[in-house]
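Enquirer: For reference, the structure I am asking about is given below.
The values are calculated or read from the model by the stated rules, or taken from the named source; none is laboratory data. Quick caveat, the model's predicted, so the values are computed rather than measured. In this analysis, Cβ positions are derived from the backbone assuming ideal geometry, glycine residues included, and neighbour counts consider all displayed protein chains. Protein only, heavy atoms only, side chains kept; ligands, DNA and RNA dropped before computing areas. Shrake-Rupley method; radii C 1.70, N 1.55, O 1.52, S 1.80 Å.
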Amino acid sequence: QVQLVESGGGLVQAGGSLTLACAASGSIWHFNTMGWYRQTPGNERELVATITTFGSTNYADSMKGRFTISRDNAKNTLFLQMNSLKPGDTAVYYCMLKDTRGDSWGQGTQVTVSS
């Protein structure tokens, strides 16, 4: 079983930056994909970005150029650097880890961008 704990959310003004972190613990297999998703009330959870063990990344189109996903495999930690934040980025951001056993999710961290 994998446990994921997000941190780094908060309130920021439009145009500002935040860095989210996700610490993974438990039974972590070396080969996996980790990612960030976000969700607003009444909407489905949507992809922000994913990254594989080998560093291959995938971004949602609206995040390209503003968000950067990275990971530290030695520390089992995932990051999301968010720049040029917009009010539309306000959401709960969730960390995800996927391997051959399935998906694990964190509890989420709130990001609020004020105009």
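Enquirer: Would you mind telling me the share, in percent, of accessible area of the chain contributed by carbon and sulfur at probe 1.4 angstrom?
Expert: For the chain, the apolar C and S fraction of the accessible surface comes to 50 percent.
Enquirer: Still on this structure, I have one more. Pop the C-beta distance of residue 62 and residue 7 into the FRET formula with R0 = 25 Å and round what comes out to the nearest 0.05.
Expert: The value I calculate is 0.60.
Enquirer: Still on this structure: Name the long-range amide H neighbours of residue 16: under 5 Å, sequence gap of 5 or more, or other chain; modelled H, no Pro or chain starts.
Expert: The answer is 85.
Enquirer: If you don't mind, there's one more thing I want to ask. Take 99, 72, 61 and sort them by solvent-accessible surface of the protein heavy atoms, 1.4 Å probe, largest at the top.
Expert: Listed by decreasing accessible area, they come as 61, 72, 99.
Enquirer: Where is the GNM fluctuation largest for the chain (alpha-carbon springs, 10 angstrom cutoff): 62, 70, 84?
Expert: Per the Cα network of the chain with a 10 Å cutoff, 62 tops the list.
Enquirer: Relative contact order (percent) for the chain, with alpha-carbon contacts under 8 angstrom and 6 or more residues of separation?
Expert: Contact order relative to length: 36 percent.
Enquirer: Starting from the amide H of residue 108, placed 1.01 Å from N in the peptide plane, find each other amide H under 5 Å away whose residue is 5 or more places distant or on another chain.
Expert: Answer set, sorted by chain and number: 6, 95.
Enquirer: In whole Å, what are the Cα extents of the chain along the three principal axes, biggest one first?
Expert: Principal-axis extents of the Cα atoms in the chain, largest first: 41, 26, 22 Å.
Enquirer: Report the full-extension gain for the segment residue 75 to residue 54: residue separation times 0.36 nm, less the Cα-Cα distance, to one decimal in nm. Could the numbers behind the result be given before it?
Expert: Numbers: separation 21, 0.36 × 21 = 7.56 nm, distance 1.46 nm.
Separation in residues times 0.36 nm, less the Cα-Cα distance, equals 6.1 nm.
Enquirer: Something else about it: Using only the Cα atoms of the range 66-115, what semi-axes does the equivalent ellipsoid have when each is the square root of 5 times a gyration tensor eigenvalue? Give whole Å, largest first.
Expert: So the equivalent ellipsoid measures 24, 14, 8 Å along its semi-axes.
Enquirer: Now a separate question. Step by step: find N for the range 10-49, compute 2.2 N^0.38 Å, then divide the Cα radius of gyration by it. What's the final number?
Expert: Working it through for the range 10-49, the quotient is 1.56.
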